[in-house]
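For reference, the structure discussed in these notes is given below.
The values are calculated or read from the model by the stated rules, or taken from the named source; none is laboratory data. Keep in mind the model is a prediction, meaning the values are calculated, not measured. With ideal geometry, Cβ positions are generated from the backbone for all residues, glycine too; neighbour counts draw on all protein chains shown.
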Amino acid sequence: MAAAATETAQFSGQRDTTAARILRALAKTPLQILLAAIGLLWLVPTIGLFITSILPQSSVTSLGWWKIFAHPSLATFSNYSHLFHNAGLTGALKTTAYISVGNTLIVVIVGALAGYAFAWLEFPGRDWLFIGVVGLLVVPLQMALIPMFRLYNTLGIGGTTLSVVLFHAAFGLPFAIFLLRNFFVGIPKDILESARIDGANELWIFLRLILPLGLPAIASVAIFQFLWTWNDLIVSLTFSVTPITVWIFDQLRQFSSSIDVIAPASFISLIVPLAVFFAFQRYFVQGLLAGSVK
Amino acid sequence: MAEVVFDEVSKVYADGTRAVSGLSLDVGDGEFMVLVGPSGCGKTTALRMVAGLEEISSGALRIGERVVNHVPSRDRDIAMVFQSYALYPHLSVYDNIAFGLKVKKMSKQEIDRRVRNAAEILGLEQFLKRKPRALSGGQRQRVAMGRAIVREPAAFLMDEPLSNLDAKLRVQMRAEVSRLQRDLGTTTIYVTHDQVEAMTMGDRVAVMRKGELLQVADPQTLYDRPVNLFVGGFIGSPAMNMIEATVTRTNGALAVDVGKQHLELDEGTLSSRPALRAYEGRTIILGIRPEELEEASLAPETPPDRRLRGVVELREALGSELMVHFTVEGTREALTEDVKELAQDAGAPTAERPRESNGSGALLVGRFGARASVEEGKPVEVAVDTRSLHFFDAETSEGIYDAEPKEKGASA
């Protein structure tokens, strides 16, 4: 017994020598370097865009980007200040905000309600209906552009922000319902049953239990939907609405050399979704359900 | 406060499985009723029907004066403690306990008064601000209890609430739950598969098997007069020894032959079980509880015709007592459906095979005094308390008691 114990001690002692630790770290290093390199590579266009956006238009074409490190630096934020006095851009930004926030709200609210119903309420044809929703996931939205365009014109809402909001909501819902239903199904059944016995009705359960417990999934859906619709070009272009993507696209067509407008506008268009992602990131917490059962 | 009455309540699932069939049971006002049985016996289904979490296929269920078959859970005025505790993970202990009261739109002061009172009873005062995940198993269990008691419901339903606790804590909580229920006097239906819990906690215990109610009685009656082999084998630990024996008559008194050995029966046995007379010359199943056996030298007053001789196979010393497994030559263990099911429930892999040691006889377990002198492989003489023997019909597994065979509770 004693001999065996000593052996074990020696064995574990060997495993934790400094050399072993360095070896372990070295083994991981190539992977970390690779990941960092990939990250940097992905950042290159963004950095390039940012640098371009803070250079005066005259320098962009004639001088190299490294001039921003020269003395005196060529870097200027005048591009940005000009842009914020451009009514076209501020209007486009507002439109983008309406579209992405509006449709995200609709998708989250309707998706959460539907996800709860599909997960926890008994009603005839529930599973078939859900299969139908899953089937809608594969419908490409390009297919609906022309029919919807005609429908909107018939309804008299063609060319309005609302029409784009509704379109995005319709195409975002199947995924949202699918994701939320699957998340809600994982909430322990005992919790909901306990709430029912405690006297709660379905609305109370939805508001007080499902929403807080489903927050990670709901936040993911909201972020996905927001990013997707913020960056959308084709839908707004088709319905003749001008969010920032379409506005930048228009600049490109009219003055092919207006890089001093396009670069900062693109950067603004890029920075907002990034900020949203980092703001909501903390809701991706694991283990929110820990401690509830068992 | 209310009574809960099952009147021929059945539960049949869509696929035709009968989870509960024709359950009739009266749980009195303030009574602590334990439903016990092996897994799959329908006890949890029965409880969930009271809670309104399962639809009732047929029969009527009453809580108080009201038939509640179609009343939704939230209007039944009951509280349930789940096996998993089912605490709301995002709410503090305080809010967990207050949940049911907030739903009812009770005033803030009243909620606060009740929550603090419950927390005091359960010793949770210093944990009120914590989230469930920061609590130990026993504390979570208490929160679940607290959530039930603040509601002041007509009845408590408890679904194996202690089975996730470790053994020591379980014993402690068992006593706490019992005391709490006695103090509050609230009608309680408690489901467990643990017969020790059932016996120690219940005012009455209902033993179920395969969706049917076998026997409802207070713990002592259940132990003394089990209606059939299944109840006899299920109640008591270690389990009752069940061997085949023949009823004979010598010198006018009844006796049983166990293999080649002879056990004289008391007059009292016959008068309390008049039906036994009809079994003269027939094979029956004899039930002997391990605690009715004693090494002969520790029970010198037992006459020689109330002793069994066997060979010790295994000796387990527990300090306070001695568990002795011994074989009795020429005997066979009873092997009915009931016995197989009990063995399966106990986790025995070879339920099909009787526990024969070396083919020479049945293996019996005796609970001897710590000073008993037994050695493995050596013969042993065992005194039998023949006043507490149990007798079962070899074909029907029913207990042999009154002259008229009882219809009630028969499992067909």
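Candidates A:Leu136, A:Leu105: the one that is in contact with a helix residue (DSSP H, G or I) (Cβ under 8 Å, 6 or more places away or on another chain) and in the same structural domain as A:Gly214 (by TED's automatic domain parsing) is A:Leu136. A:Leu237: assigned to a helix (DSSP H, G or I) and either touching a Phe, Trp or Tyr at 6+ places or on another chain (Cβ under 8 Å) or aromatic (Phe, Trp, Tyr) (or both), yes or no? In short, yes. Does A:Phe206 qualify as being touching a helix residue (DSSP H, G or I) at 6+ places or on another chain (Cβ under 6 Å) and within 30 Å of B:Leu157 (Cα to Cα)? Answer is yes for this residue.
The number of residues in the range B:172-213 being touching a strand residue (DSSP E or B) at 6+ places or on another chain (Cβ under 7 Å), under 27 Å from B:Asn117 (Cβ atoms) and surrounded by fewer than 20 Cβ atoms within 10 Å (Cβ to Cβ) comes to 1. Of all residues in the range B:17-48, those that are out of contact with any strand residue (DSSP E or B) (no Cβ under 6 Å at 6 or more places or on another chain) and assigned to a helix (DSSP H, G or I) total 1.
When B:Met158 is tested against (1) in contact (Cβ under 8 Å) with a residue 40 or more places away in the chain; (2) assigned to a helix (DSSP H, G or I), exactly one condition is not met: (2).
Between A:Ile177, A:Ile191, A:Ile218, A:Ile223, which is surrounded by 21 or more Cβ atoms within 10 Å (Cβ to Cβ), in contact with a Pro (Cβ under 9 Å, 6 or more places away or on another chain) and assigned to a helix (DSSP H, G or I)? Steps first, answer last, please.
Details: A:Ile177 fails: in contact with a Pro (Cβ under 9 Å, 6 or more places away or on another chain); A:Ile218 fails: in contact with a Pro (Cβ under 9 Å, 6 or more places away or on another chain); A:Ile223 fails: surrounded by 21 or more Cβ atoms within 10 Å (Cβ to Cβ).
Answer to the selection: A:Ile191.
Condition (residue is out of contact with any Pro (no Cβ under 8 Å at 6 or more places or on another chain), farther than 20 Å from A:Asn103 by Cα and outside any loop (DSSP other than H, G, I, E, B)) applied to the range A:154-171: is it met by at least one residue? The answer is yes; a qualifying residue exists. Using the structure shown, decide if B:Gly42 is buried (at least 22 other Cβ atoms within 10 Å of the Cβ), modelled with pLDDT under 95 and under 27 Å from B:Thr200 (Cβ atoms). In short, yes. Going through A:Leu155, A:Leu105, A:Leu141 one at a time, which residue ends up being at pLDDT below 95, surrounded by 15 or more Cβ atoms within 10 Å (Cβ to Cβ), of a type outside the set (Val, Ile, Thr) and within 27 Å of A:Thr242 (Cβ to Cβ)? Just a single option satisfies the conditions, and that option is A:Leu141. When the range A:199-231 is filtered for residues that are under 21 Å from A:Asn182 (Cβ atoms), more than 10 Å from chain B (Cβ to nearest Cβ) and free of Cβ contacts under 8 Å to residues at least 12 places away in the same chain, only A:Leu207 remains.
Based on what the data block shows, is A:Val185 more than 9 Å from chain B (Cβ to nearest Cβ), surrounded by 23 or more Cβ atoms within 10 Å (Cβ to Cβ) and in contact (Cβ under 8 Å) with a residue 24 or more places away in the chain? The answer is no for A:Val185.
For the range B:214-224: of the residues being in contact with a Ser or Thr (Cβ under 9 Å, 6 or more places away or on another chain) and surrounded by fewer than 19 Cβ atoms within 10 Å (Cβ to Cβ), which is farthest from B:Arg76 (Cα to Cα)? Full working, then the answer.
Residues of the range B:214-224 that are in contact with a Ser or Thr (Cβ under 9 Å, 6 or more places away or on another chain), as a first pass: B:214-215, B:219, B:224.
If we keep only those that are surrounded by fewer than 19 Cβ atoms within 10 Å (Cβ to Cβ) as well, we get B:219, B:224.
Numbers: B:Pro219: 29, B:Asp224: 37 Å.
Filtering the range B:214-224 for residues that are in contact with a Ser or Thr (Cβ under 9 Å, 6 or more places away or on another chain) and surrounded by fewer than 19 Cβ atoms within 10 Å (Cβ to Cβ), the one farthest from B:Arg76 (Cα to Cα) comes out as B:Asp224.
Once the range B:47-93 is narrowed to residues that are facing another protein chain (nearest Cβ under 8 Å) and touching a Phe, Trp or Tyr at 6+ places or on another chain (Cβ under 7 Å), the residue that is farthest from B:Val5 (Cα to Cα) is B:Tyr88. B:Gln139 meets all of the listed conditions (1) touching a strand residue (DSSP E or B) at 6+ places or on another chain (Cβ under 8 Å); (2) more than 21 Å from B:Val36 (Cα to Cα) but one, namely (1).
Residue check: is B:Val5 part of a strand (DSSP E or B), of a type in the set (Val, Ile, Thr) and crowded, with 22+ Cβ neighbours inside 10 Å? So B:Val5 fails the test. Quick check, is B:Ala79 closer than 19 Å to A:Ala195 by Cα and not acidic (Asp, Glu)? Yes. In the range B:291-322, the residue that is nearest to B:Pro379 (Cα to Cα) out of those that are out of contact with any Leu (no Cβ under 8 Å at 6 or more places or on another chain), hydrophobic (A, V, I, L, M, F, W, C) and not in a loop (DSSP other than H, G, I, E, B) is B:Val311.
Among the residues examined, B:Asp166 qualifies as among the acidic types (Asp, Glu) and within 14 Å of chain A (Cβ to nearest Cβ).
Residues that are crowded, with 22+ Cβ neighbours inside 10 Å and more than 29 Å from the chain's Cα centre (by Cα) do occur in the range B:77-88.
Restricting attention to the range B:102-135, the residues that are free of Cβ contacts under 8 Å to residues at least 12 places away in the same chain, within 14 Å of chain A (Cβ to nearest Cβ) and within 15 Å of B:Ser92 (Cα to Cα) total 2.
For B:Ala372, the criteria (1) closer than 15 Å to B:Glu292 by Cα; (2) modelled with pLDDT of 90 or more hold in every case but one, which is (2). Just give me the residues in the range B:217-260 being among the polar types (S, T, N, Q) and in contact (Cβ under 8 Å) with a residue 24 or more places away in the chain, in sequence order. If the condition is that a residue be among the polar types (S, T, N, Q) and in contact (Cβ under 8 Å) with a residue 24 or more places away in the chain, then B:Asn228, B:Ser237, B:Asn241, B:Thr246, B:Thr248 are the ones that fit.
Only one of the numbered conditions (1) small (Gly, Ala, Ser); (2) at pLDDT 90 or above; (3) not in a strand (DSSP E or B) is not met by B:Ala245, and that is (3).
Criterion applied to B:Val177, B:Val115 was being within 22 Å of B:Val216 (Cα to Cα), part of a helix (DSSP H, G or I), out of contact with any Asp or Glu (no Cβ under 8 Å at 6 or more places or on another chain) and at pLDDT 90 or above, and the one residue passing it is B:Val177. Evaluating B:Val36 against the criteria (1) in contact with a His (Cβ under 9 Å, 6 or more places away or on another chain); (2) among the hydrophobic types (A, V, I, L, M, F, W, C); (3) surrounded by fewer than 19 Cβ atoms within 10 Å (Cβ to Cβ) leaves one unmet condition, (3).
Being farther than 30 Å from A:Ala170 by Cβ, modelled with pLDDT of 85 or more and assigned to a helix (DSSP H, G or I) is true for just one of A:Gln14, A:Gln32. Which residue is that? Can you show your working first?
Details: A:Gln14 fails: modelled with pLDDT of 85 or more.
Testing whether each residue is farther than 30 Å from A:Ala170 by Cβ, modelled with pLDDT of 85 or more and assigned to a helix (DSSP H, G or I) leaves just A:Gln32.
Matching residues to (1) more than 24 Å from B:His193 (Cα to Cα); (2) buried (at least 20 other Cβ atoms within 10 Å of the Cβ); (3) not charged (D, E, K, R):
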site	(1), (2), (3)
B:Asp75	yes, no, no
B:Val103	yes, no, yes
B:Arg113	yes, no, no
B:Arg140	no, yes, no
B:Ala144	no, yes, yes
